[in-house]
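The values are calculated or read from the model by the stated rules, or taken from the named source; none is laboratory data. None of these values were measured; they are calculated from a predicted model. All Cβ positions, even for glycine, are placed from backbone atoms using ideal geometry, and neighbour counts span all protein chains on display.
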Amino acid sequence: MISLALVLLTYPETTHADSLTGRLGFSPTSKIVIIHADDMGLVHSANQASIDTMAYGLIRSGSVMMPCGSTQEVSDYFKKNPQADIGVHTTLTSEWDHYRWGPLSPPLSVRSLVDYDHFFYDDILPLVFNAQGEDTEQELEAQVQAALNLGIHPTHLDTHMGAVFVKEDLFYAYLRVALKYHLPPMFPKWTQDLKEQYGLISGVLDILGADKMLAHAEKLGFLPVDHLILPLEESSFEKRKLIYENILRNLKNGVTLIITHPAYADGEFKEKIISSDENTIVRDYDAEIFQDRDTNGNPLPVKTMKNLVESLDIHLIGWKEIQKIYPWDKIRTHAWPHLAD
């Protein structure tokens, strides 16, 4: 396999006109934000919370985990709301103790992706040691095809638990499927802010070569988001709300992706997702915060988040806008072996 370092410097620096911000028609000093809902398809309560927050208007996009058990509900929603901005949340891990899922491909045909029970691995590390690019490509394509077969027209690809960023072969597969189906692949610029946000995790990814890999994808013509923010868990509703408010007040120039995980902390969620109470509560907080509701689900008298967004000089977009301007004809497929058919 060709080393990324050999080709990383063979192209000129990206100009503003070629950047994601420029292609969207914004100036270099514009602040553009996608507020996104992960983990649709996981359970009904995640679907309903994501749908409700998107209807409210602050969260502009979501993505669905096709191997999970509640994807038909997402399909039904999309058929009634074909303007909905929903991508495929490519899934290669199954992290919960008592609610497991496996590949949509026959398990024995993607053996490097599954454990002895034919479920996905429960963490990222086994992927580093076991996952093969061919198996990954087959499974990611199966997930896209499953969405299409359900009548969902995806707007983009993104990644559950960042799984595709841990190994070159997995990232190759991710970009290959994105290119084949013309679905913008979510990946971030590997900035110092991102490294500081994720601490030890970013250090491990650096060791695995994620910095060179992501930079090379940009050199090939794929468009990264400038800033990726996934707020860490916070047990207090007010503190978590303040975190989001501070993020919006302190946006940097360019396109920022804010990832949320809305889900109502009802009996179904707690029954299936046996996890810490904090994880459950945080998801419920995301659902309420981005509908301007209190912790009991009651509308707030002052629409704090919506008013804040409207008061700031920021531009809310979704992945549909990115899909429309994506420069597929500019992707330099010749420079990355096995990227093009």
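Can you name every residue in segment 123-139 that is outside any helix (DSSP H, G or I) and either surrounded by 19 or more Cβ atoms within 10 Å (Cβ to Cβ) or at pLDDT below 95 (or both)?
The answer is Asp123, Ile124, Ala131.
Consider Gly221 against the criteria (1) surrounded by 15 or more Cβ atoms within 10 Å (Cβ to Cβ); (2) at negative phi: it satisfies all of them except one. Which criterion is unmet?
All conditions pass for Gly221, except number (2).
State all residues of segment 5-61 that are at pLDDT 95 or above, under 30 Å from Ala265 (Cβ atoms) and among the β-branched types (Val, Ile, Thr); if no residue qualifies, say none.
Across segment 5-61, the qualifying residues are Val33, Ile34, Ile35, Ile51, Thr53, Ile59.
Go through segment 146-164 and count every residue that is in contact (Cβ under 8 Å) with a residue 24 or more places away in the chain and over 12 Å from the mean Cα position of the chain (by Cα).
The number of residues fulfilling the criteria is 7.
For segment 130-148, give me each residue that is in contact with a strand residue (DSSP E or B) (Cβ under 7 Å, 6 or more places away or on another chain) and of a type in the set (A, V, I, L, M).
Leu140, Val144, Ala147
Please enumerate the residues belonging to segment 15-54 that are within 21 Å of Ala147 (Cβ to Cβ), part of a helix (DSSP H, G or I) and aliphatic (A, V, I, L, M).
Ala46, Ala49, Ile51, Met54
Looking only at helices (runs of 4 or more DSSP H) that fall completely inside segment 145-254, which ones have 3 or more residues that are within 22 Å of Leu127 (Cα to Cα) and at pLDDT 95 or above?
Correct list: 168-181.
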